[in-house]
1. Select from the stretch 217-230 the residues that are touching a helix residue (DSSP H, G or I) at 6+ places or on another chain (Cβ under 9 Å) and in a helix (DSSP H, G or I) and write down the one among them that is nearest to residue 194 (Cα to Cα).
2. Sort through 68, 64 and tell me the only one that's farther than 17 Å from residue 13 by Cα, in contact with a Leu (Cβ under 7 Å, 6 or more places away or on another chain) and either basic (Lys, Arg) or surrounded by fewer than 21 Cβ atoms within 10 Å (Cβ to Cβ) (or both).
3. Can residue 307 be described as in the same structural domain as residue 72 (by TED's automatic domain parsing), in contact (Cβ under 8 Å) with a residue 60 or more places away in the chain, β-branched (Val, Ile, Thr) and buried (at least 22 other Cβ atoms within 10 Å of the Cβ)?
4. Would you be able to say whether some residue in the stretch 198-216 is buried (at least 19 other Cβ atoms within 10 Å of the Cβ), in contact with a strand residue (DSSP E or B) (Cβ under 7 Å, 6 or more places away or on another chain) and either assigned to a loop (DSSP other than H, G, I, E, B) or at positive phi (or both)?
5. State which residue pairs qualify: first residue under 17 Å from residue 122 (Cα atoms) and assigned by TED's automatic domain parsing to the domain that holds residue 124 and inside the stretch 1-22, second residue surrounded by fewer than 21 Cβ atoms within 10 Å (Cβ to Cβ) and hydroxyl-bearing (Ser, Thr, Tyr) in any location, beta carbons under 9 Å apart, and separation of 6 or more residues or different chains.
6. Please verify whether residue 89 is crowded, with 17+ Cβ neighbours inside 10 Å, out of contact with any Leu (no Cβ under 8 Å at 6 or more places or on another chain) and either in the same structural domain as residue 305 (by TED's automatic domain parsing) or at pLDDT 95 or above (or both), treating the condition exactly as stated.
7. Tell me, which residue of the stretch 77-100 that is more than 25 Å from the chain's Cα centre (by Cα) and among the polar types (S, T, N, Q) is farthest from residue 136 (Cα to Cα)?
8. In the stretch 23-44, which residue that is under 13 Å from residue 307 (Cβ atoms) and buried (at least 18 other Cβ atoms within 10 Å of the Cβ) is farthest from the chain's Cα centre (by Cα)?
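The values are calculated or read from the model by the stated rules, or taken from the named source; none is laboratory data. No experiment lies behind these values; they were computed from the predicted model shown. FYI the Cβ positions are ideal-geometry reconstructions off the backbone, even for glycines, and counts take in every protein chain you see.
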Amino acid sequence: MVVTEQLKGKDFLCLSDYTKDEIMYLLDLAAKLKSEQKQGIPHPHLAGKTLGMIFDKASTRTRVSFEVGMYQLGGMAMFMSGRDLQIGRGEPIPDTARVLSRYLDGIMIRTYSDAMVKELADYASIPIINGLTDMQHPCQVMADFQTIIEHKGGLEGLKLAYVGDGNNMVHSLMIGAAKVGMNVAVASPEGYMPDAGVTEMTYTFAEESGAQVLITNDPEEAVADADIVYTDVWASMGQEAEQQERLMKFKGFEVNETLMKKAKSDAIFMHCLPAHRGEEVAAEVIDGPQSVVFDQSENRLHAQKAILVALMK
């Protein structure tokens with residue numbers, strides 16, 4: 001069965017559910033859609049389709065990119081706050097899934113619980129897209145991979161170094177990198193390491209693809225000879241009360257010019273945004289010539305359009 005047929009109607013919950021061929025197909029499609037959009041070539045692949053977007057967490061890039069993406073694809077996106085839906089008043093998730101499946105052609109959800117997204121997918125008869133949970137951020141990684149390909153020409157064999165909190169962002173990066181054969185090194189402080197289950201899964205995928213994996217507490221060890229240096233905020237949404245404690249625990253994990261010099265001279269710097277200059281990244285790095293953070297942000301639009309087309313067309 002060709003990849004296009006495999007993806008029709010499929011959920012996009014975690015990159016662990018996708019093969020290397022499927023991931024690369026989506027990235028190729030994203031590049032094609034981006035090229036067409038830049039040339040002004042219409043691509044109304046989802047004309048007449050409606051995407052429901054459930055938000056339990058605040059959003060800039062996710063909401064705008066999905067709404068604009070559906071518009072450019074000829075469809076419509078509908079914003080739904082979790083607080084305003086009956087699901088926010090205790091309606092069972094299976095009931096919500098069955099009802100929305102009668103109205104919509106797909107659902108993107110940005111929320112806290114991975115289990116909630118999985119239950120929604122279990123009972124919905126339309127594709128469910130994980131726009132972010134506390135454990136995963138797969139849509140961002142697809143935009144990141146598209147950006148890396150644009151700047152480095154490919155993925156396989158490159159070294160991606162992540163410095164910072166072992167959060168949802170690094171979980172999806174680890175899984176995705178191991179799937180496509182990209183070497184990955186993660187440096188986090190003790191007590192803030194990536195999830196053990198995700199780490200075990202990453203090693204398994206790396207064995208299959210030939211990728212190398214390093215998990216350490218030493219940022220310099222992780223960044224050594226890296227092609228890509230990546231970081232994220234030290235306190236994500238819902239962790240604001242831990243901000244001051246985390247500032248102390250993450251001392252020495254800032255990506256600054258000194259740390260960037262440990263990477264390859266042509267290394268690129270990445271951050272999923274929003275960023276806190278002077279905390280996880282120095283201003284001279286994120287605003288410097290090695291930074292591709294706004295290319296990443298733009299590619300959220302194109303990578304997600306590819307996901308929408310593949311799943312919903």
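1. 219
2. Selected residue: 68, the only one of 68, 64 that is farther than 17 Å from residue 13 by Cα, in contact with a Leu (Cβ under 7 Å, 6 or more places away or on another chain) and either basic (Lys, Arg) or surrounded by fewer than 21 Cβ atoms within 10 Å (Cβ to Cβ) (or both).
3. Values: in the same structural domain as residue 72 (by TED's automatic domain parsing): yes; in contact (Cβ under 8 Å) with a residue 60 or more places away in the chain: yes; β-branched (Val, Ile, Thr): yes; buried (at least 22 other Cβ atoms within 10 Å of the Cβ): yes.
In short, yes.
4. Looking for residues that are buried (at least 19 other Cβ atoms within 10 Å of the Cβ), in contact with a strand residue (DSSP E or B) (Cβ under 7 Å, 6 or more places away or on another chain) and either assigned to a loop (DSSP other than H, G, I, E, B) or at positive phi (or both), one finds at least one in the stretch 198-216, hence yes.
5. Within 9 Å, the pairs are 7/25; 9/125.
6. Details: crowded, with 17+ Cβ neighbours inside 10 Å: no; out of contact with any Leu (no Cβ under 8 Å at 6 or more places or on another chain): yes; either in the same structural domain as residue 305 (by TED's automatic domain parsing) or at pLDDT 95 or above (or both): yes.
Judged against the criteria, residue 89 is not a match.
7. By that ranking, first place goes to 86.
8. Among them, the one singled out is 33.
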